[in-house]
Amino acid sequence: MRPAAVSVAFAAFSALTAAHSHTHEAETQDPFVGWTQEDLDAKWGTDWGFSGISTFAHLPHARCLQYPDIAYDIAILGAPFDTAVSYRPGARFGPRAIRAASARQTSFRGYNPRAALNPYREWATILDCGDIPITPFDNALALRQMTEAFTNLAHSSATPENTASTISYRRKPKLLTLGGDHSIALPTLRALNKVYGNVAVVHFDAHLDTWHPAKYPSAWVDPDDPNEQSFFTHGTMFWVAHNESLLLPHKSVHAGLRTRLSGIGDNEDDDAQGWVRIACDDIDDIGVAGVITKIMDHVGTETPVYLSIDIDVIDPGLAPGTGTPEPGGWTTRELIRVLRGIEGLNVVGADIVEVAPAYDGVGEATALAAAQVGFEVLTSMVKRGLEMSGVDREAEGQRVAGGKVRVRDEL
């Protein structure tokens, strides 16, 4: 054999041997991370914003209604119901859309600078409890289903360490509901009444939602019969709640109103039910800080509050995906600033409703706004639990001075 051929053959053999050696090393080398559960969690236990099963903010999922022994401190619950609307349906798909839009919220990147905390990594165990399986065929049955579901969850237990806490806010679990049309507030208020008694409602909406049901065309029904099924709508549920004595007298507030009325009698009916009204235009005159002050001075910091947020409080140019759009609304930023400013409220339950993704744009602006609102509500709930422990997590904030609530002006 020629020397050149021998050299080539030897080189080929050496390369084959080296390749086999590298392959063997790759097969036998220690894993980069070991095989303990902690290691496995570190390798495979996280999701990117675009990966994973769709829960709110990638939170753990549990069927809390099906397994009532599951303990949590704050639950996200979907109420996919929209057959009590007066105009465009579609909010039954709201919970799904809001969860999808929350995908960029993760526990490893959930720090909220305005509150100096990450709500997903503080004292509260937060779960996504899935959806109530609500019938789309029978509103009377749907109301019964929702009332039972919310009542069951209202009587759930907080996690053991918080059930025994010296901080009263932590002892009872809280619920953030994703609607669904706004009528879901009625069964929620019924459930809260079993635990807290009467509550105040802080209501962000373009519409009053305290209308007498007979203000709608009603020739086919008895306007004096409170048991008429058609009286349960997304524009009458607070009227029903008032008649069922679920609300604290003269403690509830509307904010962002700009709807057309059937007449001045609508406001008079609202007055008779004990509400204070903040019009959408008021924000131009008194500013965000003025709106915050009016809410906080009227409601106070110890009153149990149900926070009800209809996404149509935002202008439809910014949040078109809703069933009863009203031009001339607040910006998304204005709503969020107000919500941040009222963080001192004693919120015992909340909802975000009327997101109808079929009318949203390709950028999902409405669902994104709702997801951010949810993040702000969760942040304020968690922060209240911290502040009542004496842990001051803010550089500036609301302080009680001279019997009035001094409000942070972020503008």
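Below, the figures for the structure above:
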| item | result |
| --- | --- |
| Solvent exposure, largest accessible area first (probe 1.4 Å, DNA, RNA and ligands not counted), of HIS207, HIS250, HIS298 | HIS250, HIS298, HIS207 |
| Helix runs (DSSP H) in the chain reaching 20 Å along axis by Cα, Kyte-Doolittle at least -0.5 | 3-28, 139-154, 282-299, 365-387 |
| Cα-based shape type of the stretch 158-204, given that a ≥ b ≥ c are square roots of the gyration tensor eigenvalues and the cut on a/c is 1.5 | prolate |
| Mean residue ellipticity (222 nm) of the chain, computed from DSSP H runs ≥ 4 via -39,500 (n - 2.57), nearest 500 | -11000 deg cm²/dmol |
| LYS194 accessible area, assembled protein chains, probe 1.4 Å, Å² | 140 |
| Gaussian network model of the chain, Cα within-10 Å springs - most flexible of PRO133, PRO113, PRO249 | PRO113 |
| The stretch 66-181: C-alpha gyration tensor shape, a/c 1.5 cut-off, then a/b vs b/c | oblate |
| Computed accessible area, ILE264, all protein chains, 1.4 angstrom probe, square angstrom | 110 |
| Gain upon complete extension [TYR216, LEU261; 0.36 nm per residue less C-alpha separation] | 15.1 nm |
| Selected from PRO95, PRO187, PRO60 as most flexible by GNM, with the chain as the system and alpha-carbon contacts under 10 Å | PRO60 |
| Amide hydrogen neighbours beyond the local backbone of ASP351, cut-off 5 Å, H modeled | THR177, LEU307, SER308, ILE309 |
| Karplus-derived HN-Hα couplings along the stretch 77-86 (A = 6.51, B = -1.76, C = 1.60, θ = phi - 60°), whole Hz, x at Gly and Pro | 9, x, 10, x, 9, 8, 9, 10, 8, 9 |
| Candidates GLU38, GLU244, GLU334: whichever shows maximal mean-square fluctuation once the chain is modelled as a Gaussian network with Cα springs under 10 Å | GLU38 |
| Total lysine pairs under 22 Å (Cα atoms) in the chain, excluding pairs fewer than 8 apart on one chain | 11 |
| Share antiparallel - DSSP beta bridges, the chain, percent rounded to 5 | 10 |
| Global geometry of the chain, whether rounded, prolate or oblate, following the gyration tensor of its Cα atoms and the 1.5 cut on a/c | prolate |
| Accessible surface of TYR111 - all protein chains present, 1.4 Å probe, nearest 10 Å² | 130 |
| Segment VAL362-THR147, length gained on full extension (0.36 nm per residue, minus Cα span) | 73.9 nm |
| Which of GLU122, GLU148, GLU302 is most accessible, then next, and so on - probe 1.4 Å | GLU302, GLU148, GLU122 |
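The values are calculated or read from the model by the stated rules, or taken from the named source; none is laboratory data. Just so it is clear, the model here is predicted, and its values are computed rather than measured. Areas reflect the complete protein model, heavy atoms only, side chains present, ligands, DNA and RNA absent. Shrake-Rupley method; radii C 1.70, N 1.55, O 1.52, S 1.80 Å.
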